[in-house]
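To keep things clear, I will list the structure first and then write my remarks on it.
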Amino acid sequence: MRALEFHSSLDKSSRLFHQPMHQVVSYCLPQFQSSDHQQCYNGSSQGTHLVQNSIERYCTLESSSVSGSYTIYNSPSTVSFSPSGGPMSQRESQSFPSETLHSPDNAYGSPRSGSCITDDANDFRHKLRELENVMLGPDSDIIDSIESTLQDGSNNTSSGVDSWRQIMETISRGDLKQVLIACAKVVSEDDQLMAQWLMGELRQMVSVSGEPIQRLGAYMLEGLVARQASSGSSIYKALRCTEPESAELLSYMHILYEVCPYFKFGYMSANGAIAEAMKDEDRVHIIDFQITQGSQWVTLIQAFAARPGGPPHIRITGIDDSTSAYARGGGLGIVGKRLSKLAELFQVPFEFHAATMTGCEVQPQNLGVRPGEALAVNFAFMLHHMPDESVSTENHRDRLLRLVKGLSPKVVTLVEQESNTNTAAFFPRFLETLDYYTAMFESIDVTLPREHKERINVEQHCLAREVVNIIACEGPERVERHELLGKWKLRFKMAGFAPYPLSSLVNATIKTLLDNYCDKYRLEERDGALYLGWKNRALVASCAWK
């Protein structure tokens, strides 16, 4: 299912007007997901970062200091996609030579020189020395230091050498995933020598233009390097941030929205629940806790316009922090004007209220709740950015839920990534991130061809920063803190909410949406919630509450 165009004709409006409500539920789908915190950080302290000084040579994102350059792309163009195929049109890319080790031709899985396995301990150390000289130069003392560590107690020498053999076998067969895991393990154990060596190996195995695991590996490696270089609040001081221009970011998000159904799924399920809850209401107030471009509400306004008996009066309160303005090209007034024009076109009575603040700053008086309005509250890809009891004594995550419950809403919608990275320790969090984003990168690979000139930009600006933040940061600096739906359900119940069943009509419409995509996407309805995933991995969960 495609979203209706923003400038739909009045003729189409009149046809929609005469359709019963159950026939227009399928229109509860935004035109495109433009920019939100779920996909792209906003603010100078978050973003695609490069670790400076001595660790710059490991970096993969927008780095001029990396030994070897990547394909350089032109600015975003207007392209259209078939969800099950490639782009319909695209401009030519401009390529520059890359070092062999960074080329997709020297690909993941191929035999690599400089690493071999031997049964002779002396020959083994000799091979390590050769590898070290190739990687780091003849003056490096990493292998000497590692040998000393291995020989630190005769009882541990054999097991230490065995461990090295296992790692080198993994490297020799090109098992990038296992090398990433090994590197994360030694980082978690604060084994800096081994981590430095493995990062050098990984640097030769990853590629932002290779297979999905190579591309994800490039960004996970950057996160490991950033974590190794610093910790906690000092990480961002060691990183420099380069944000894309607003028009470029919107283009990247539009591409990601078109090629993956995750955000369409989330918005469609939330809009369907709101439309169902408000089908008999004359005055509707929607509070969107992260409105970004306001695109989610375009098709809901259109659906309300088609309601038998006429549309309700709609008032939307849009919340978003001021740092999101760069992605809109201005403040929340832009969103209000856009939605007001649409409502006027469809003859829907409409008001817009802008609340420029973060979720942590929201108080009841900021929301402008009025008597006589049926209230809907939307949490789409937003709550996981709120610090909970593990980060802040204020626990804004639960505070917001209690605040909203006190407003007596008719329906509250929740859409979140189905991942467990909030309170997990570093190493299990790394494993979870690797598993989650492997599925995400694989799903992108099916629809967005590797040779497409904007794919690197889409992954870099819309996904990589999440990965780096999850891996590199702790405490308040780690803003990507996902929870599984089971934990969200506990939070909602503790705040006094009860489940609101999702409409079977909406569920059927989402299934129809997925028919336009790869058959590896999975839709599961379980315990009153919907899960959308890739293969056997759930990626996005949606539910509603009252």
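The values are calculated or read from the model by the stated rules, or taken from the named source; none is laboratory data. These numbers come from a predicted model, not from an experiment. No Cβ is skipped: glycine too gets one built from the backbone with ideal geometry, and neighbour counts run over all protein chains shown. We work out accessible area using only protein heavy atoms, side chains counted, and drop any ligands, DNA or RNA first. Shrake-Rupley method; radii C 1.70, N 1.55, O 1.52, S 1.80 Å.
For the reader, a short list of remarks on this structure follows.
- Whole-Å distance, taken between Cα centres, linking region 344-365 and region 262-287: 15
- Approximating the spin labels as points 7 Å out from Cα along Cα→Cβ, the Ser408-to-Arg173 distance works out to 6.5 nm.
- On the principal axes of its alpha-carbon atoms, region 394-446 has extents of 43, 30, 10 Å, going from largest to smallest.
- Counting Lys and Arg as +1 and Asp and Glu as -1 over every other residue whose Cβ lies under 13 Å from the Cβ of Asn422, the net charge comes to -3.
- One quarter of the convex hull surface built on the alpha carbon atoms of region 275-358 amounts to 5.0 nm², the projected area averaged over directions.
- Cα gyration tensor, region 342-449 - rounded (a/c under 1.5), prolate or oblate: oblate
- Cα shape, region 455-536, gyration tensor, a/c 1.5 rule: oblate
- Proximity of backbone amide H atoms, modeled 1.01 Å from N, is registered between Tyr521 and Lys535 at under 5 Å, excluding neighbours fewer than 5 places apart on the same chain.
- Rounded to whole Hz, the Karplus (6.51, -1.76, 1.60) HN-Hα couplings of region 279-293, x for glycine and proline: 5, 10, 8, 8, 10, 10, 10, 10, 9, 9, 6, 7, 7, 6, 8
- Anisotropy class assigned to region 405-546 is oblate, per the alpha carbon gyration tensor with a/c at or over the 1.5 cut-off and a/b no larger than b/c.
- Nonpolar atom fraction for region 359-518, defined as the carbon and sulfur part of the 1.4 Å probe accessible area, stands at 55 percent.
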